[in-house]
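First up is the structure itself, then whatever we jot down about it.
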Amino acid sequence: DKSNRTLTVTLNDFYNSYKNRTGDTITVVYTATLNRDAVIGMNPNTNKAVVEYSNNPKSDGTGKSEPSIVDVHTFDFTIFKYYLKDQNKKDDKTGLANAEFELYKANEAGDAADTNAKINIVDEGNGVYRQATADEAKATGFTSAKIVSDADGKVLVKGLDAGTYYLRETKAPEGYNKLLSDIKVEIK
């Protein structure tokens, strides 16, 4: 039940099918994915599971398991593409629009981009981008968005797991050069 966030597992004729296995453990395994409304930062997205079961098939009595609680975090970072009008004034940064970027997970050694692990991106508008959900990325016709700097040169990328990423500038604004190497981004 998506609206109530309830998963029901029904074991039909459980007593007759498993009466010789009294005392055995029943394990229910499921996965959950954060959606686009997940809380970003150190405040966790809490996922709690409780199993409610009948104590006696001939009555309405039930029991409940101890809750299993998992806190999941998701993070963001800001890109600021700029140039300095005066190289002697390091605080005088002018934002550049239309720089294009791609984001990759780090390779196993953590020292470069894994070109087979590009992050699928969704453009939410107004300079905000997020990692696509697994369902979005698998959808027919899905194409990962390019991350493009706004007029102020800034971009927010959200919905990421903790870890090491590499940001690659794929196209510089007209009249400018793109970055010579990928930028390492560590999210902790």
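The values are calculated or read from the model by the stated rules, or taken from the named source; none is laboratory data. Every value quoted in this text rests on a predicted model; they were computed, and no experiment measured them. Remember, those area values only see protein heavy atoms, side chains included, never the ligands or the DNA or RNA. Shrake-Rupley method; radii C 1.70, N 1.55, O 1.52, S 1.80 Å.
Quick rundown of the values:
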item	result
Largest to smallest accessible area among 52, 136 [probe 1.4 Å]	52, 136
Interchain or long-range residues, amide H under 5 Å from residue 99's placed H	149
Links that overshoot a 27 Å alpha carbon limit, given the list 146/184; 85/105; 64/158	85/105; 64/158
Extension gain from residue 19 to residue 124, taking 0.36 nm per residue of separation minus the Cα-Cα distance	32.4 nm
Length released on extending from residue 136 to residue 75, taking residue separation times 0.36 nm less the Cα-Cα span	20.1 nm
Under 5 Å, built H, 5+ apart or other chain: amide partners of residue 72	45, 46, 47
Set 90/154; 19/58; 93/178 screened for pairs whose C-alpha atoms are more than 23 Å apart	none
Cα-based shape type of segment 103-181, given that a ≥ b ≥ c are square roots of the gyration tensor eigenvalues and the cut on a/c is 1.5	oblate
Radius of gyration, Dmax [the chain; alpha carbons; angstrom]	24.1, 83
Accessible area in the full protein assembly, largest first, 1.4 Å probe, for 81, 19, 48	48, 19, 81
For segment 60-135, alpha-carbon Rg over 2.2 N^0.38 Å	1.86
